[in-house]
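Worksheet: one structure, shown below.
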Amino acid sequence: MSTFRLSLRVVFYYESDRWIAHCLEFDLLGDGDSKEEALQCLSAAISLQIEDSVKYNNPRNLIDPADGKYFEMFAKGRDIAVGELSIHIDGYEFDRVETREYADEGGVDSPLAAV
């Protein structure tokens, strides 16, 4: 079995009183009361996406990039470290996961807006 190596980017943002962890390569989200909880939910979503894509032999379902505005949010975000994606699926390896936090300075929802 060959190994697929992927690099992932995750942008965190605060929306509707919840932290969102958004994986740009898969366009999948996790949410939670904390960034750590959002990242755990995102890990589960990515795992399910990969497992189902393999199970149903649907490789086109693997990579479905997010809308460009989320890539812009990632580019404007600041580097952070809040934990790791915990995805363990045979045949898949994640070379690098970059996480950034985006805060809209004008946004009311963000607890970082005043920073």
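The values are calculated or read from the model by the stated rules, or taken from the named source; none is laboratory data. Because the structure is predicted, anything quoted here is derived from the model rather than measured. All Cβ positions, glycine included, derive from the backbone under ideal geometry; neighbour counts span all protein chains shown. To get the accessible areas, we keep the full protein, side chains included, count just its heavy atoms, and leave off ligands, DNA and RNA. Shrake-Rupley method; radii C 1.70, N 1.55, O 1.52, S 1.80 Å.
Identify, by number, the condition in (1) farther than 18 Å from GLY83 by Cα; (2) surrounded by fewer than 19 Cβ atoms within 10 Å (Cβ to Cβ) that ALA66 doesn't meet.
So the condition that ALA66 fails would be (2).
Scan the stretch 1-37 residue by residue and report those that are in contact with a His (Cβ under 9 Å, 6 or more places away or on another chain) and of a type in the set (Gly, Ala, Ser).
GLY30
Select from the stretch 70-83 the residues that are touching a helix residue (DSSP H, G or I) at 6+ places or on another chain (Cβ under 8 Å) and open to solvent by 40 Å² or more (accessible area, probe 1.4 Å) and list them in ascending order.
Across the stretch 70-83, the qualifying residue is only GLY83.
Check the stretch 51-58 and report whether any residue there is within 15 Å of SER86 (Cα to Cα) and either surrounded by 12 or more Cβ atoms within 10 Å (Cβ to Cβ) or basic (Lys, Arg) (or both).
yes
Give the residues of the stretch 66-79 that are touching a Phe, Trp or Tyr at 6+ places or on another chain (Cβ under 7 Å) and either part of a loop (DSSP other than H, G, I, E, B) or among the β-branched types (Val, Ile, Thr) (or both), sorted by residue number.
GLY77
For the stretch 4-50, give me the residue count where each residue is in contact (Cβ under 8 Å) with a residue 24 or more places away in the chain, of a type in the set (S, T, N, Q) and either open to solvent by 70 Å² or more (accessible area, probe 1.4 Å) or outside any strand (DSSP E or B) (or both).
Residues in the stretch 4-50 being in contact (Cβ under 8 Å) with a residue 24 or more places away in the chain, of a type in the set (S, T, N, Q) and either open to solvent by 70 Å² or more (accessible area, probe 1.4 Å) or outside any strand (DSSP E or B) (or both): 4 in total.
Can you confirm whether the stretch 3-19 contains a residue that is of a type in the set (Phe, Trp, Tyr) and within 21 Å of GLU93 (Cβ to Cβ)?
Yes, some residue in the stretch 3-19 is of a type in the set (Phe, Trp, Tyr) and within 21 Å of GLU93 (Cβ to Cβ).
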